[in-house]
Amino acid sequence: MTSPAPQAEPLPPQMVLMQMLFGKVVTQAVSIVARFKLADQMAAGPKTAAELAGPAGLNAKHLYRVLRALAGLGVLKGDDGGRFALTPVGELLRTDVPGSMRAIATYVCDPWSWKAWGDLAGSVRSGQPAFDHVFGEGVFDYLGKHPDESATFNEGMTGFSQQAAAAMLKAYDFAPFNTIVDVGGGHGAILCAVLGTNTKARGIVFDAPQVVAGADAPIKAAGLADRCRAEGGDFFKSVPAGGDLYVLKHIIHDWNDAKATQILKCVRAAIPATGKLLLVELVVPPGFAPNFAHVLDLEMMVVCDGKERTEPEYRELLAGAGFKLARVIPTEGPHSLVEAVPV
């Protein structure tokens with residue numbers, strides 16, 4: 001009879017807190033692998049720090065120390081020869097994998113994101129986004145003026161969308177719909193995934209002109225140019241009419257209640273009486289158990305004056321824009337699907 005494996009001793013409280021306090025170190029170290037595309041180099045096999053440093057223009061000794069720390073955290077694995085390889089976690093830092101998080105891991109350490117988080121205390125004092133205080137304008141205005149940072153951000157959102165799309169397709173039946181409008185759809189990752197499995201449907205990706213311009217290539221690459229088009233505009237003013245399903249993924253959480261209601265009212269003006277609205281969001285559950293929605297809620301607070309909402313908060317928000325919450329559908333991922341109908 002085999003003896004049970006010994007259970008790891010819980011960390012003492014001071015070490016638990018110390019690990020939390022130095023979470024900044026982990027974030028920045030992961031971002032190094034992402035920013036310099038080191039995971040792409042390791043995709044072909046294990047590499048030493050010197051082999052990785054040369055093409056990236058980095059200092060090999062300092063890079064070794066970063067990689068060693070990440071091996072201890074399970075992002076990489078190291079061997080006695082000083083070579084490092086990707087773990088399943090590290091694989092997500094590659095550029096060419098479905099649901100890649102390389103761009104996300106890059107932009108969270110770009111100045112626009114990192115510096116705003118340095119003023120969390122200011123946000124808690126003022127009740128306003130730290131970003132606006134640090135940069136003197138809203139985050140979306142800033143990104144509109146900084147195309148390189150905006151491109152990385154949009155690439156990161158595409159990765160988020162690819163992850164959410166697979167879970168959505170398992171949890172929701174898109175077959176009844178003929179025309180699907182993806183409001184704030186970025187480069188079209190969600191809509192392309194939905195149309196790829198629903199061959200009778202047509203779609204419109206709608207977003208700001210400078211953002212949605214990046215949707216044409218993915219739509220063509222997916223073979224959907226005959227059934228899907230990209231349209232630019234301002235969802236605070238209007239959205240395309242004619243859809244029987246309107247999808248908004250990670251849009252409503254970007255805004256406070258007044259602005260979120262304005263967006264939803266524009267959708268209400270465009271949607272037919274028989275149409276449906278589908279919000280893809282992290283719905284905050286009751287209680288205080290660990291949940292990623294609590295973490296992302298702080299990101300919204302600091303960066304853009306948005307928030308993650310509870311089911312009752314969504315019900316109230318939707319009612320104020322002429323919708324009735326029909327149901328909240330969990331997915332196998334962190335997202336829920338908030339389905340609503342016009343009233």
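The values are calculated or read from the model by the stated rules, or taken from the named source; none is laboratory data. This structure is a prediction, so every number in the text was calculated from the model and none was measured. Ideal geometry is used to build each Cβ from the backbone, glycine not excepted, and the neighbour counts take in all protein chains shown. Side chains are part of the model used for accessible areas, which takes the heavy atoms of the whole protein and leaves out ligands, DNA and RNA. Shrake-Rupley method; radii C 1.70, N 1.55, O 1.52, S 1.80 Å.
For the reader, a short list of remarks on this structure follows.
- Any hit, the stretch 50-57, residues being surrounded by 18 or more Cβ atoms within 10 Å (Cβ to Cβ), out of contact with any Cys (no Cβ under 7 Å at 6 or more places or on another chain), farther than 30 Å from LEU296 by Cα and of a type in the set (A, V, I, L, M, F, W, C): yes
- Hits in the stretch 181-199 (condition: over 23 Å from LEU264 (Cβ atoms), out of contact with any Lys or Arg (no Cβ under 7 Å at 6 or more places or on another chain) and surrounded by fewer than 24 Cβ atoms within 10 Å (Cβ to Cβ)): ALA193, GLY196, THR197, ASN198, THR199
- Considering only residues in the stretch 80-93 that are assigned to a loop (DSSP other than H, G, I, E, B) and not acidic (Asp, Glu), the one that is surrounded by the fewest Cβ atoms within 10 Å (Cβ to Cβ) turns out to be GLY81.
- The residues of the stretch 216-252 that are in a helix (DSSP H, G or I) and under 12 Å from GLY184 (Cα atoms) amount to a single one, ILE252.
- All positions within the stretch 37-64 that are out of contact with any Leu (no Cβ under 9 Å at 6 or more places or on another chain), charged (D, E, K, R) and farther than 10 Å from PHE84 by Cβ: LYS61
- Every residue from the stretch 168-201 that is part of a helix (DSSP H, G or I), touching a Leu at 6+ places or on another chain (Cβ under 9 Å) and not polar (S, T, N, Q): MET168, ALA171, LEU191, CYS192, ALA193, VAL194, LEU195, GLY196
- Verdict on GLU313 being over 20 Å from LEU325 (Cβ atoms), of a type outside the set (Ser, Thr, Tyr), in a helix (DSSP H, G or I) and out of contact with any Asp or Glu (no Cβ under 8 Å at 6 or more places or on another chain): no
Quick grid of which residues meet (1) under 30 Å from HIS133 (Cα atoms); (2) modelled with pLDDT of 95 or more:
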| site | (1), (2) |
| --- | --- |
| LEU282 | yes, yes |
| PRO290 | yes, no |
| HIS294 | yes, yes |
| ASP297 | yes, yes |
| VAL302 | yes, yes |
| GLU308 | yes, yes |
| GLU313 | yes, yes |
| ALA319 | no, yes |
| PHE323 | no, yes |
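- A search for C-beta distances below 6 Å between a residue of the stretch 74-89 that is under 18 Å from ALA34 (Cβ atoms) and any residue that is open to solvent by 60 Å² or more (accessible area, probe 1.4 Å) and part of a loop (DSSP other than H, G, I, E, B), counting only pairs 6+ apart in sequence or on different chains, returns ALA85/PRO46.
- In the stretch 284-297, the residues that are in a helix (DSSP H, G or I) and either open to solvent by 70 Å² or more (accessible area, probe 1.4 Å) or in contact with a strand residue (DSSP E or B) (Cβ under 8 Å, 6 or more places away or on another chain) (or both): PHE292, ALA293, HIS294, VAL295, ASP297
- When GLY214, GLY275, GLY243 are screened for being modelled with pLDDT under 95 and crowded, with 19+ Cβ neighbours inside 10 Å, only GLY214 passes.
- Only one of the numbered conditions (1) at pLDDT below 95; (2) part of a helix (DSSP H, G or I); (3) not aromatic (Phe, Trp, Tyr) is violated by ALA105, and that is (1).
- In the stretch 234-258, the residues that are closer than 24 Å to GLY156 by Cβ reach residues that are polar (S, T, N, Q) and in a helix (DSSP H, G or I) with C-beta atoms within less than 9 angstrom, at least six apart or across chains, in these pairs: PHE235/GLN262; PHE236/GLN262; LYS249/SER161; HIS250/SER161; TRP255/THR261; TRP255/GLN262.
- Odd one out for ASP96 among (1) open to solvent by 60 Å² or more (accessible area, probe 1.4 Å); (2) touching a residue at least 12 places away in the same chain (Cβ under 8 Å); (3) farther than 15 Å from GLN41 by Cα; (4) assigned to a loop (DSSP other than H, G, I, E, B): (3)
- Which listed residue is modelled with pLDDT of 95 or more and within 28 Å of ALA164 (Cα to Cα), from LEU38, LEU52, LEU58: LEU38
- Residue match in the stretch 25-37 (condition: open to solvent by less than 70 Å² (accessible area, probe 1.4 Å) and free of Cβ contacts under 8 Å to residues at least 24 places away in the same chain): no
- Enumeration of residues in the stretch 112-123 that are of a type outside the set (Gly, Ala, Ser) and open to solvent by 60 Å² or more (accessible area, probe 1.4 Å): TRP114, LYS115, TRP117
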